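A.B. asks: Dropping the structure in here first, questions after.
The values are calculated or read from the model by the stated rules, or taken from the named source; none is laboratory data. Keep in mind that what you see is a predicted model, and the values were worked out from it rather than measured. Cβ atoms come from the backbone with ideal geometry, glycine included; neighbour counts cover every protein chain shown. Just so you know, the surface numbers come from the protein's heavy atoms only, side chains and all, with ligands and any DNA or RNA stripped out. Shrake-Rupley method; radii C 1.70, N 1.55, O 1.52, S 1.80 Å.
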Amino acid sequence: MILIDNKHKKKVVIHISHSDGKGTYPERRAETIARTLEGVEIIFLCENLSPVAPADFRTVTIAPGSTLLRTISEIKPDILLRDTGSTLQEEVERICEVVPTVIHFDDFGEGGKSADIVFQTLYSETNDKVPDHYIQGIENFIVDEQLASYKNIGLKRKLSQPLPHLVISFGDEDTGNLSYRALRHMLQLQIPLKVTVLVGENYSHDVSELQMMALGRRNTFIQTYPYDFHEAFSSADIILCASGYMPFEVAVMGIPCVVVAQNDFELSLAFPKEQHGFIHLGTGRKIKQSSLLNAIMEPLLHESLRKKAIARQTDLGLGSGKDTIIEAIYYCLEYPKRIIGGEATGKETSDMLQ
């Protein structure tokens, strides 16, 4: 662990905005990081699209008529941790003029090229060279305290009898209403199965349509927010979910999982594939009923396939990303990329990551 010069308390500002398809993982990741850092002042920077900051931390709200750049210039942080989706290069370049080190998470925009470090947990299959300051891979995934209590639970559970349990979740928003499409297909399944559909907090469609469909099939339930989705997932024998962060959380638990992409971006993501223990069916709007039903039933009817999927997930050993990220933050506090108003330190943050 790198020791920090405590002549003055360093400031770390965390800025999160809701991004399509990312769900609640970014805010849980941010809280985990904030509660792990010691000897620094943590400030959560909020705006209209930001989730509620965790308790016990100072919060600064971007005032009406102000800007992110202006607010950061007033706070004068030593590090900005930013998890706001794809960013713009010009904006990030201006932020770098007032912040010694800028760290982004899962930034697919041009602005990431101007940040000092980009931790890319979500990554696409591509032959393009990744810039040196992009730290890409499943090793960056952080297991929060709540998820940690369910780690490898799939290794300890037997298949539920007499009714295996399918949990369907397409995240906080489910913009394409894949919950409805999936449940409509499940109505045609003749094999006894318990089905639970988790409806996210910002689900913008008519929940009553799901509820009416559920009435037409025994042992089918619609669960609206709030709920503990980790607990709901842990009770499943198989999960049907979107791409993005959900497959990472499923893999930590070790549960057979069918993945359906909500959009082209999710379709491009490289993690939720067969080699990692998933059945990926492509884009949800193009899915065939027979393909979906067969994919769901295979791990339930064939014990060897179920165990193989669980083993592939749990063998990944996901969850150690926190140590790498925390070490990078401490390093950048000790050796900032830039000295604002002075000369650069001459010490590259990438040195620590070699």
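A.B. asks: What does the extension gain come out to for GLU274 and THR61, with contour length at 0.36 nm per residue minus their alpha carbon separation?
C.D. replies: 72.4 nm
A.B. asks: How large is Rg/Rh for the stretch 209-354, to two decimals, with Cα atoms and a Kirkwood Rh?
C.D. replies: Reported Rg/Rh, Kirkwood definition of Rh: 1.14.
A.B. asks: DSSP beta bridges in the chain, what fraction antiparallel, as a percent rounded to 5? Spell out each step's value before the answer.
C.D. replies: On the way: 2 of 48 bridges.
If I count the DSSP bridges inside the chain, around 5 percent turn out antiparallel.
A.B. asks: Can I ask one more? Might you report the magnitude of the Cβ-based charge dipole of the chain about its Cα centre, with Lys and Arg at +1 and Asp and Glu at -1, to the nearest 20 debye?
C.D. replies: Dipole about the Cα centre, nearest 20: 1260 debye.
A.B. asks: While we're looking at this one, here's another question. Take the alpha-carbon centre of the stretch 219-244, take the same for the stretch 113-158, and report the distance between them in whole Å.
C.D. replies: Comparing the Cα centres of the stretch 219-244 and the stretch 113-158, I get a distance of 22 Å.
A.B. asks: Which of the peptides 120-128, 327-335 is most tightly packed, and how do the rest follow, judged by the mean count of other Cβ atoms within 10 Å per residue?
C.D. replies: Numbers: 120-128: 14.0, 327-335: 19.8.
With the highest mean Cβ count within 10 Å placed first, the list reads 327-335, 120-128.
A.B. asks: Could you give the distance between the Cα centres of the stretch 53-68 and the stretch 292-346, to the whole Å?
C.D. replies: 28 Å
A.B. asks: While we're on this one: Taking each full run of DSSP H in the chain as one helix, which ones are at least 15 Å long along their axis (Cα atoms) and have mean Kyte-Doolittle hydropathy of at least 0.5? Kindly include the intermediate steps, with their values, before the conclusion.
C.D. replies: On the way: long enough: 25-36 (16 Å, -1.39); 289-301 (18 Å, 0.75); 303-314 (17 Å, -1.12); 321-334 (20 Å, 0.25).
Correct list, ordered by number: 289-301.
A.B. asks: Which is farthest toward the positive dipole end of the chain among PRO26, GLY154, HIS133, measuring Cα position about the Cα centre, with Cβ charges +1 (Lys, Arg) and -1 (Asp, Glu)?
C.D. replies: Positive-most Cα among the choices belongs to GLY154.
A.B. asks: Step through the table entries LYS129/LYS273; LYS113/LYS308; LYS22/LYS151; LYS11/LYS129; LYS288/LYS308, compare each Cα-Cα distance with 30 Å, and write down the pairs that go over it. Numbers along the way, then the final one.
C.D. replies: Numbers: LYS129/LYS273 22 Å; LYS113/LYS308 39 Å; LYS22/LYS151 21 Å; LYS11/LYS129 33 Å; LYS288/LYS308 25 Å.
In this structure, LYS113/LYS308; LYS11/LYS129 exceed 30 Å between Cα atoms.
A.B. asks: Right, here's the next one. Regarding the stretch 255-308, what are the three Cα extents along the principal axes, ordered largest first, in Å?
C.D. replies: The Cα atoms of the stretch 255-308 stretch 33, 24, 13 Å along the principal axes, largest first.
A.B. asks: Still on this model: Residues of the chain: accessible area per residue at 1.4 Å, in Å²?
C.D. replies: Result: 47 Å² per residue.
A.B. asks: With label points built 7 Å along Cα→Cβ from the Cα atoms of GLU110 and THR36, find their separation and express it in nm.
C.D. replies: For GLU110 paired with THR36, the spin-label model returns 3.3 nm.
A.B. asks: Running a GNM on the chain with Cα contacts under 10 Å, which residue among GLY111, GLY200, GLY216 ends up with the highest mean-square fluctuation?
C.D. replies: GLY216
A.B. asks: Where the accessible area of the chain is counted over protein heavy atoms with a 1.4 Å probe, how much of it, in %, is carbon and sulfur?
C.D. replies: 48 percent
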